[in-house]
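A.B. asks: One structure, as structure tokens, below. Some questions next.
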Amino acid sequence: MAEEVVLLDFWPSPFGMRSRIALAEKGIKYEHKEEDLRNKSALLLQMNPVHKKIPVLIHNGKPVCESLIQVQYIDEVWHDKAPLLPSDPYQKATARFWADYVDKKIRSFSFSFFIYELGGRVWKTKGEEQATAKKELIETLKLLEKELGDKPYFGGESLGYVDVAFIPFYSWFYALEKCGNFSIEAECPKLIAWAKRCMQKESVAKSLPDQQKVYDFILEMKKHFGNE
Amino acid sequence: MADEDVVLLDFWPSPFGMRVRIALAEKEIKYEYKEEDLRNKSDLLRKMNPIHKKIPVLIHNGKPVCESLVQVQYIDEIWPHKSPLLPTDPYQRAIARFWGDFVEKKIYGLESGKVWTTKGEEQEAAKKEFIECLKLLEGELGNKAYFGGENLGYVDVVLVPFYSWFYAYEKCGNFSIETECPKLIAWAKRCMEKDSVSKSLPDQDKIYDYVFHLKKVFGIE
């Protein structure tokens, strides 16, 4: 059966990266359409009328919105290859909990910054606020490190749902470190080791933009919005 | 199968807790309900949800599951034979999850709380956005009896607890949700005809008293 898969995306979006990785893991060919978020396409507005956001996965003409929902959908439709969620309901619940944790905690630390609002606490704010934001970010990352434990991936022996949910943010680490003047590797070496292990996989390496490119993008945004 | 040991750590006005109560009732699962005092959280709660320290926490045979949407899906997967909440088709499941996520972000989010925590222009803006979101949900419901079709489904379970808070919202915001969204209220009343829902939601007056008390405690006018 001929599958038609389109992904409306924006290259620095960690949410878009999740779907890119999931599709790559499953070996699915798809058409990648880059959106200009200041000038959204008619297709995007039609396919995601509620939120008007990327990424949007369009499968045989039907849209699926919200990145974690897309990853689960991809996992369920193409269930024969590279399963991302465990089959055991309790393991599944644990994976969903940690993906939700990533969304709640990491998102609030400025990753949503570039998409719609300028709320990036690490690079926007100065002094005490920035110190607090950094501290909270490191605490969050350490908790994730603890959950990873000795496993090569959050999914165990192979890439799983939580890995896919979280690894895109690695492409933003360099930008965060430069703007916040700190080293994530110094604080969370195991997590960086995990990230580099993920990056050895083609599905991840080809889905994440270069960290320098992301940093340049952030600098552009800061200039544009008049941030120091 | 050996007796299942199911415990729910909860707090009576929590719409998140209500979701889980409804799901367990739909599946006819017997469980122990433990009311938490959120100003004095139990050791059990802290141990079972060390990350967020929040209710509800579902403890199944000693193992905790946290976050209400995760819990509802877990309950649906563990007890699949009775009252399935999510559809079997992957695309329908994605649609259900999308609207569950929409309800979570828009109806249960910080912005909607402004309907009862603020006044003046801020409150008017919050009311407007709140009604717009409810209307979008009305659109999604369409002519179906429930969001799940002929039977209660995932989106119904995720949204209907909020109905117990509508009266408090209306009193604080001085508006009528039924006037704006009659189809949605008709849907809510239809859900309330089901035991699993009516026994899981507290009385709207009780919620209003609770909100009134919260406003006093937090010094909100």
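The values are calculated or read from the model by the stated rules, or taken from the named source; none is laboratory data. Just so you know, these numbers come straight off a predicted model, no measurement behind them. A quick note on method: Cβ atoms are made from the backbone with ideal geometry, for glycine too, and the neighbour counts reach across all protein chains shown. Quick note on the areas: whole protein, heavy atoms, side chains included, nothing else; ligands and nucleic acids left out. Shrake-Rupley method; radii C 1.70, N 1.55, O 1.52, S 1.80 Å.
A.B. asks: Kindly check whether there is at least one residue in the stretch B:137-154 that is surrounded by 15 or more Cβ atoms within 10 Å (Cβ to Cβ) and over 24 Å from A:Ile69 (Cβ atoms).
C.D. replies: Yes, that holds for at least one residue.
A.B. asks: Restricting the stretch B:161-208 to residues that are outside any helix (DSSP H, G or I) and over 18 Å from B:Arg21 (Cβ atoms), which is most open to solvent (accessible area, probe 1.4 Å)?
C.D. replies: So the first thing to find is which residues in the stretch B:161-208 are outside any helix (DSSP H, G or I), and the list is B:174-176, B:181, B:193-194, B:199-203.
So of that shortlist, the ones also over 18 Å from B:Arg21 (Cβ atoms) come out as B:174-176, B:181.
Numbers: B:Asn174: 134, B:Phe175: 35, B:Ser176: 46, B:Cys181: 0 Å².
Of everything passing the filter in the stretch B:161-208, B:Asn174 is most open to solvent (accessible area, probe 1.4 Å).
A.B. asks: Among the residues that make up the stretch B:80-91, is at least one of them free of Cβ contacts under 8 Å to residues at least 60 places away in the same chain, within 11 Å of another protein chain (Cβ to nearest Cβ) and buried (at least 20 other Cβ atoms within 10 Å of the Cβ)?
C.D. replies: no
A.B. asks: Separate question: When the residues of the stretch A:79-99 are narrowed to those that are over 18 Å from B:Glu77 (Cα atoms) and open to solvent by 40 Å² or more (accessible area, probe 1.4 Å), which ends up farthest from the other protein chains (Cβ to nearest Cβ)?
C.D. replies: Ranking the candidates gives A:Lys81 first.
A.B. asks: When the residues of the stretch A:52-76 are narrowed to those that are within 8 Å of chain B (Cβ to nearest Cβ) and more than 22 Å from A:Tyr153 (Cβ to Cβ), which ends up most open to solvent (accessible area, probe 1.4 Å)?
C.D. replies: A:Lys62
A.B. asks: While we're here: Specify which of the listed residues (A:Ile69, A:Ile74, A:Ile54) is within 24 Å of A:Cys198 (Cβ to Cβ), touching a helix residue (DSSP H, G or I) at 6+ places or on another chain (Cβ under 8 Å), part of a loop (DSSP other than H, G, I, E, B) and modelled with pLDDT of 95 or more. Please lay out each step first, then the result.
C.D. replies: On the way: A:Ile69 fails: part of a loop (DSSP other than H, G, I, E, B); A:Ile74 fails: part of a loop (DSSP other than H, G, I, E, B).
Only one candidate passes the filter, namely A:Ile54.
A.B. asks: Within the stretch B:150-165, how many residues turn out to be in contact (Cβ under 8 Å) with a residue 12 or more places away in the chain and either within 14 Å of another protein chain (Cβ to nearest Cβ) or over 15 Å from the mean Cα position of the chain (by Cα) (or both)? Even if it seems obvious, please write down each step before you answer.
C.D. replies: In the first step, residues of the stretch B:150-165 are kept if they are in contact (Cβ under 8 Å) with a residue 12 or more places away in the chain; the result is B:151-165.
Still in the running and either within 14 Å of another protein chain (Cβ to nearest Cβ) or over 15 Å from the mean Cα position of the chain (by Cα) (or both): B:151, B:154-155, B:158.
Final tally of qualifying residues: 4.
A.B. asks: Also, quick follow-up: Of the numbered conditions (1) open to solvent by 50 Å² or more (accessible area, probe 1.4 Å); (2) of a type in the set (Val, Ile, Thr); (3) touching a Phe, Trp or Tyr at 6+ places or on another chain (Cβ under 6 Å), B:Ile55 satisfies every one except a single condition; which is it?
C.D. replies: Going through the list (1) open to solvent by 50 Å² or more (accessible area, probe 1.4 Å); (2) of a type in the set (Val, Ile, Thr); (3) touching a Phe, Trp or Tyr at 6+ places or on another chain (Cβ under 6 Å), B:Ile55 breaks only (1).
A.B. asks: Related question: Which one of A:Arg18, A:Arg38 is among the basic types (Lys, Arg) and at pLDDT below 95?
C.D. replies: Details: A:Arg18 fails: at pLDDT below 95.
Result: A:Arg38 is the single residue among A:Arg18, A:Arg38 that is among the basic types (Lys, Arg) and at pLDDT below 95.
A.B. asks: While we're on this one: Could you grab me the full set of residues in the stretch B:102-138 that are within 14 Å of chain A (Cβ to nearest Cβ), touching a residue at least 24 places away in the same chain (Cβ under 8 Å) and part of a helix (DSSP H, G or I)?
C.D. replies: Hits for the stretch B:102-138 are B:Phe102, B:Val103, B:Glu104, B:Lys106, B:Ile107, B:Cys133, B:Leu134, B:Lys135, B:Leu136, B:Leu137, B:Glu138.
A.B. asks: Here's another thing I want to ask about it. Would you kindly identify the helices (runs of 4 or more DSSP H) lying entirely within the stretch A:171-228 that contain at least 2 residues that are over 22 Å from A:Gln130 (Cα atoms) and open to solvent by less than 20 Å² (accessible area, probe 1.4 Å)?
C.D. replies: Working: elements: A:173-180, A:184-187, A:189-199, A:202-205, A:211-224.
Of the helices (runs of 4 or more DSSP H) lying wholly inside the stretch A:171-228, those with at least 2 residues that are over 22 Å from A:Gln130 (Cα atoms) and open to solvent by less than 20 Å² (accessible area, probe 1.4 Å) span A:189-199, A:202-205.
A.B. asks: Within the bounds of the stretch B:64-73, is there any residue that is among the polar types (S, T, N, Q), in contact (Cβ under 8 Å) with a residue 12 or more places away in the chain and more than 9 Å from every other protein chain (Cβ to nearest Cβ)?
C.D. replies: yes
A.B. asks: Could you tell me how many of the residues in the stretch B:1-26 are over 17 Å from the mean Cα position of the chain (by Cα) and in contact (Cβ under 8 Å) with a residue 24 or more places away in the chain? Before you say what the answer is, go through the steps one by one.
C.D. replies: First pass over the stretch B:1-26, keeping only residues over 17 Å from the mean Cα position of the chain (by Cα): B:1-7.
Now restrict to residues that are in contact (Cβ under 8 Å) with a residue 24 or more places away in the chain: B:4-7.
Within the stretch B:1-26, residues that are over 17 Å from the mean Cα position of the chain (by Cα) and in contact (Cβ under 8 Å) with a residue 24 or more places away in the chain number 4.
A.B. asks: Would you confirm whether or not the stretch A:31-42 contains a residue that is open to solvent by 20 Å² or more (accessible area, probe 1.4 Å), touching a Cys at 6+ places or on another chain (Cβ under 8 Å) and either in a loop (DSSP other than H, G, I, E, B) or β-branched (Val, Ile, Thr) (or both)? Give the derivation first.
C.D. replies: First, pick out the residues of the stretch A:31-42 that are open to solvent by 20 Å² or more (accessible area, probe 1.4 Å): A:31-34, A:36-42.
Still in the running and touching a Cys at 6+ places or on another chain (Cβ under 8 Å): none.
There is no residue in the stretch A:31-42 that is open to solvent by 20 Å² or more (accessible area, probe 1.4 Å), touching a Cys at 6+ places or on another chain (Cβ under 8 Å) and either in a loop (DSSP other than H, G, I, E, B) or β-branched (Val, Ile, Thr) (or both).
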